[in-house]
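Nothing in this text is a laboratory measurement; each read-out follows from the coordinates by a stated rule. All figures in this text were calculated on a predicted structure; none of them were measured in a lab. Don't worry about glycine lacking a Cβ; one is built from the backbone with ideal geometry, like all the others, and counts go over all protein chains shown.
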Amino acid sequence: MSFELAIDWPTFLTTYWQKKPVIIRQAFPDFQDPITPDELAGLAMENEVDSRLVSQTAAGWQVAHGPFSDFDQLTETHWSLLVQAVNHWHPAAAELMQPFRALSDWRMDDLMISFSVPEGGVGPHLDQYDVFIIQGAGRRRWRVGNNDVIAQHSPHPDLLQVAPFDAIIDEILEPGDLVYIPPGFPHEGYSLENSLNYSVGFRAPSGKELLSGFADYVLAQELGSRRYQDPALALRDSASEVLADEAEQLRGMMTELLRSAEFTPWLGEFLSQSRHELDIAPPQPAYQEDEVRQALDEGTPLYRVGGLKVLQLATQTFINGERFSDADPAFLRLLAQDLTIEAEALQPLIDDTTTLTQLTGLINAGYWHFAGEEEEEEET
């Protein structure tokens, strides 16, 4: 299943991206849901999948986290089932991410899918990242406010909501419609009937996350061992005083690490790591190199596992937090650009035995698999 997104990206980026929300009617013409509510509920029963059930009762807001064993106690109204990173576990749903690769692989986070009954939603809230919400089956009313300062509160420890707001968008979305909401714009959506929604979220790391991640890397690599020195130490009026140039030198020791050659490999590793678990299943038994060559000779394409990030930064390629630099650049570009790699594209590259060895290792790690293997796993 493939999806065509009717959007003029240059105009969208100039007019709307991180500027203001917008509804695009029939962004996905003749939209067909890639997943059923029963399939979504099945994923919410899996240990590896991050899911939650948000409901509103007479007692207030309630949140339950999966995995769930059953849904027998649910009422006919006022609840939503939300499942994160469905693109990691459901290949057909993962196809919804493909049109958004026009923006950036490293910025894309995951595909969250929700099933809601009438009046189901998570309440008014705001996000700190860009999100595209696609309406699937059913209808849902969306209200979006302006990005003014707005009070937040927690009606439940696992929910952060905002105070009532005036809407600049108040519309009912039907299948194939899309709403884009930039960071910081309060919004709320309530189902008018049983409905499916698909949220493509974009990653927006904070300075705190970046500093924390880089600090962990510095410690692991035992970097930053140079100590403070002051051969031109000056006398001061008070022993308690820290001189301005001393503070600046200490700051310089920190920025020196950020400007070092080590920053790029850390950044590539950091950005290529998924926030959610991947559906990685190394083949058993492992492939031998001649078996990989034979499969490609037979024209069998390779599929990248859902949600796996393959990023290129400077002259290096990063796969799921691991750096790959000692490889054929054409091979690495192919891995980074194509979610499905046709056999004909790989055949000339694996004449190099090193490339064949590297490809076999990636397949045996479970990062790529040959077409048809997923069906074989389901049968077993």
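Annotations for the structure displayed:
- Sequence-distant contacts, meaning Cα pairs under 8 Å at least 6 residues apart, place the relative contact order of the chain at 16 percent.
- Least to most buried among 367, 228, 198 (fewest other Cβ within 10 Å first): 228, 367, 198
- At least 18 Å along the helix axis (C-alpha) and Kyte average at least 0.5, DSSP helices within the chain: 207-220
- Electrostatic tally near residue 40: other residues with Cβ closer than 12 Å to its Cβ, Lys and Arg +1, Asp and Glu -1, net -4.
- Among 253, 97, a tally of other beta-carbon atoms within 10 Å of each Cβ gives an order, fewest to most, of 253, 97.
- Residue-count net charge about residue 217 - beta-carbon cut-off 11 Å; Lys, Arg +1, Asp, Glu -1: -4
- Annotation for region 119-226: GluC sites (Glu not before Pro) lying in DSSP loop with at most 13 further Cβ atoms inside 10 Å of their Cβ are 193, 222.
- Stokes-Einstein diffusion coefficient of the chain, Kirkwood radius over Cα pairs, 25 °C, 0.890 mPa s, in µm²/s: 103
- Projecting the Cα positions of 266, 292, 339 onto the charge dipole of region 259-380 (unit charges on Cβ atoms of Lys, Arg, Asp and Glu, taken about the Cα centre) puts 266 furthest along the positive direction.
- Listed residue (15, 311, 202) projecting farthest to the positive dipole end of the chain, Cβ model: 15
- Cα-centre dipole for the chain with unit charges at Cβ (Lys and Arg positive, Asp and Glu negative), debye to 20: 1760
- Exposure proxy ranking, count of Cβ atoms within 10 Å, fewest first, for 356, 313: 313, 356
- Protection proxy ranking of 11-17, 35-41, 85-91, by the mean of other Cβ atoms within 10 Å over each peptide's residues and highest first, is 85-91, 35-41, 11-17.
- Mean residue ellipticity, 222 nm, helices only, the chain: the sum of -39500 (n - 2.57) across DSSP H runs of n ≥ 4, divided by residue count and rounded to 500, is -7000 deg cm²/dmol.
- For a straight C-alpha distance cut-off of 17 angstrom, the aspartates and glutamates reachable from residue 309 (same-chain residues fewer than eight places away being disregarded) are 95, 105, 109, 110, 269, 277, 279, 322, 338.
- Toward the positive end of the charge dipole of the chain, with +1 on the Cβ of Lys and Arg and -1 on the Cβ of Asp and Glu, the farthest Cα among 151, 180, 83 is that of 151.
- Radius, Kirkwood style, for region 207-271 when every pair of distinct Cα atoms is counted (Å): 13.8
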